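Shown next, in structure tokens, is the structure this report addresses.
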Amino acid sequence: MRLSQLIVLGVLLGLGAGWWLRRDAGEPIAVALPATPPAAVTAAPVKPPAPARMDAAAPALTLASPGADVPSGLLLPVQGIQASQLRDTFTDARSEGRVHDAIDIMADAGTPVLAVADGTVEKLFDSERGGLTIYQFEPSGRWCYYYAHLQRYADGLAEKQAIKRGEVIGYVGSTGNASAEAPHLHFEVHVLGPEKQWWKGESINPYPLLQAAGR
């Protein structure tokens, strides 16, 4: 018998003996299968996630227009002053923790103060802080213009009087708590509530409104 045949016979006898012993022990018989090379695994291409669909029925984000709730076409209220001379003092700190809520327009005492728009003189008032002041309502009743620290009113100015844009309504001064060494016009713009109270309103910054007036 050839050597190769003897080797095969020995292997078969060994397998048979192992099978017989495992059968007696009650173990399952493992059948060896010829090994085969694993099939090549091809990864499926990963698709990028599709962009979220914009539903036409969803509400769009709307930004408020800068001029939607503020007056436009205002005149610079101090004669001879240019927009380039203005300084934004709206958020400047004041005594007792207050914020300025206005713009101070520096000018020589006695310089004419002009109505920034058409409207009506709602109130002439002499206050401790503001000195001689004017509250003007514009025709729609949405806004109030406040002029303070006046040296004096224009001759004949009276409450409920209609005034025109550019009309002289007073003169720059330093009445109230203003320094005599720094005469100026303290000018505010208020959004009026439904009650239309001259002493009550939400302040908005006059600086950009007057800058636009100088363009």
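A count restricted to segment 152-174 and to residues that are part of a strand (DSSP E or B) and either surrounded by fewer than 16 Cβ atoms within 10 Å (Cβ to Cβ) or among the charged types (D, E, K, R) (or both) stands at 3.
State which residue is farthest from residue 92 (Cα to Cα) when the search covers only segment 175-194 and only residues that are surrounded by 14 or more Cβ atoms within 10 Å (Cβ to Cβ) and either of a type in the set (Lys, Arg) or touching a residue at least 60 places away in the same chain (Cβ under 8 Å) (or both). Lay out the reasoning, then the answer.
Kept after step one, since they are surrounded by 14 or more Cβ atoms within 10 Å (Cβ to Cβ), are these residues of segment 175-194: 175-178, 183-192.
Among the residues that remain, those that are also either of a type in the set (Lys, Arg) or touching a residue at least 60 places away in the same chain (Cβ under 8 Å) (or both) are: 183-189, 191.
Details: 183: 18, 184: 16, 185: 16, 186: 13, 187: 14, 188: 13, 189: 16, 191: 20 Å.
Here the answer is 191.
Residue 207 satisfies every condition listed in (1) closer than 16 Å to residue 76 by Cα; (2) modelled with pLDDT of 95 or more; (3) not acidic (Asp, Glu) except (2). Per the listing 209, 185, the residue uniquely within 20 Å of residue 123 (Cβ to Cβ) and not basic (Lys, Arg) is 185.
Within segment 100-112, residues that are among the hydroxyl-bearing types (Ser, Thr, Tyr) sit with their Cβ atoms under 7 Å from residues that are in a loop (DSSP other than H, G, I, E, B), at 6+ positions apart or across chains, in these pairs: 111/79; 111/80. If you go through segment 87-106 and keep only what is modelled with pLDDT under 65, open to solvent by 50 Å² or more (accessible area, probe 1.4 Å) and in a loop (DSSP other than H, G, I, E, B), you end up with 94, 98. Among residues belonging to segment 107-117 that are at negative phi and part of a loop (DSSP other than H, G, I, E, B), point out the one that is most open to solvent (accessible area, probe 1.4 Å). Here the residue is 108. Of the residues making up segment 118-148, those that are open to solvent by 10 Å² or more (accessible area, probe 1.4 Å) and closer than 20 Å to residue 178 by Cβ number 10. Of all the numbered requirements in (1) open to solvent by 20 Å² or more (accessible area, probe 1.4 Å); (2) assigned to a strand (DSSP E or B); (3) closer than 15 Å to residue 120 by Cβ, residue 197 misses one, and that requirement is (2).
The values are calculated or read from the model by the stated rules, or taken from the named source; none is laboratory data. Quantities reported herein were computed from a predicted structural model and do not represent experimental measurements. Every residue, glycine as well, gets a Cβ built from its backbone with ideal geometry; the counts of neighbours run over all protein chains shown. Surface accessibility is based on the protein's heavy atoms, side chains included, excluding ligands, DNA and RNA. Shrake-Rupley method; radii C 1.70, N 1.55, O 1.52, S 1.80 Å.
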